[in-house]
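Below is one structure, written out as structure tokens, with a few remarks after it.
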Amino acid sequence: MSATPRDTAARLGRRLACHQALHDPQLSPGNGSGWLKPLQAWQAARLERSFAGFLQDPARRPAARFFLTDVYGDHDFARRDADIARVLPKMQRLLPEALLATVADGIALGALTHAFDLRMAGALERLSPRRHVLDAALYARAYREVGLPRLRARQIALIDDVGNGLAAALRMPGIGALLRLSRLPARAAGLGELQGFLERGFEAFAGLGDAAAFLADIRHSEAEVMRRLFAGDAAPFTPVLRGRAG
């Protein structure tokens, strides 16, 4: 049985609640760790290096940049998610169910990523309580201490889900016009951050061409990095992208 808009909105609501709890310093004290911000900055820089081949490819650069800034990078999504939580009932009238599902996947990815960040920060506190300078060797030790390979694989799958959702939206008749027409109503309804996320995603994927190959390359790259980290590889971040450039 396929999901209904009501089902998708309920799933989105649950994921928002989880996301907000993970970012709440009272509910998740790890947000106060001195390791959290250095960790997130280091991971963002690592992703930038891993995506170098995509960023050098004019066709793939916008989609790669969108992933780094809006999907899987070191970006504060608190405003977007607060907007969504505040006007969740209105979203069912403003957005097609397929886009609503993509938003839910994006928030699930953000929640899972932050949950891992909190666990990684805790591991780094134990491994290096006084020194907050991160390198690949220390990161790999913390990564293996946190473990949870099945959830790491789920994180990669969610990246794929968000990308496929946006790619599928391009095939929906009139979606570009719908996003343009909904810009002012969305902002008036308090959905400006969400509207911007969808517009940037749509524009990035519109010029991409073969979205399936792009997403397969990301999936391959991140899965290989995960495999190397868990295996204790001496150079886990050596570029593995199969992109057309670089």
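The values are calculated or read from the model by the stated rules, or taken from the named source; none is laboratory data. It should be emphasised that the depicted structure is a prediction, and the values quoted were computed from it without experimental measurement. Don't worry about glycine lacking a Cβ; one is built from the backbone with ideal geometry, like all the others, and counts go over all protein chains shown. Heavy atoms of the whole protein, side chains included, go into the accessibility calculation; ligands, DNA and RNA do not. Shrake-Rupley method; radii C 1.70, N 1.55, O 1.52, S 1.80 Å.
A few remarks follow.
- Single match in Gly201, Gly207, Gly232 (criterion: on the phi > 0 side of the Ramachandran plot and not hydrophobic (A, V, I, L, M, F, W, C)): Gly232
- Filtering region 11-58 to residues that are more than 29 Å from Ala235 (Cβ to Cβ), in contact (Cβ under 8 Å) with a residue 24 or more places away in the chain and in a loop (DSSP other than H, G, I, E, B) leaves only Ser28.
- Single unsatisfied condition, Asp74 versus (1) of a type in the set (D, E, K, R); (2) outside any loop (DSSP other than H, G, I, E, B); (3) at pLDDT below 85: (2)
- Lone unmet requirement of (1) surrounded by 15 or more Cβ atoms within 10 Å (Cβ to Cβ); (2) not in a helix (DSSP H, G or I) for Val133: (1)
- Scanning region 226-238 for residues that are open to solvent by 30 Å² or more (accessible area, probe 1.4 Å) and either farther than 13 Å from Arg141 by Cα or assigned to a loop (DSSP other than H, G, I, E, B) (or both) yields Arg227, Gly232, Asp233, Ala234, Ala235, Phe237, Thr238.
- For Ala223, the stated conditions do not hold, so it cannot be described as open to solvent by 10 Å² or more (accessible area, probe 1.4 Å), at pLDDT 85 or above, within 19 Å of the chain's Cα centre (by Cα) and closer than 23 Å to Ala169 by Cβ.
- Looking across Ala115, Ala104, Ala85, Ala111, one residue alone is modelled with pLDDT of 90 or more, touching a Leu at 6+ places or on another chain (Cβ under 9 Å) and aliphatic (A, V, I, L, M). It is Ala115.
- Residue check, Arg141 more than 30 Å from Trp35 (Cβ to Cβ) and either crowded, with 16+ Cβ neighbours inside 10 Å or not β-branched (Val, Ile, Thr) (or both): no
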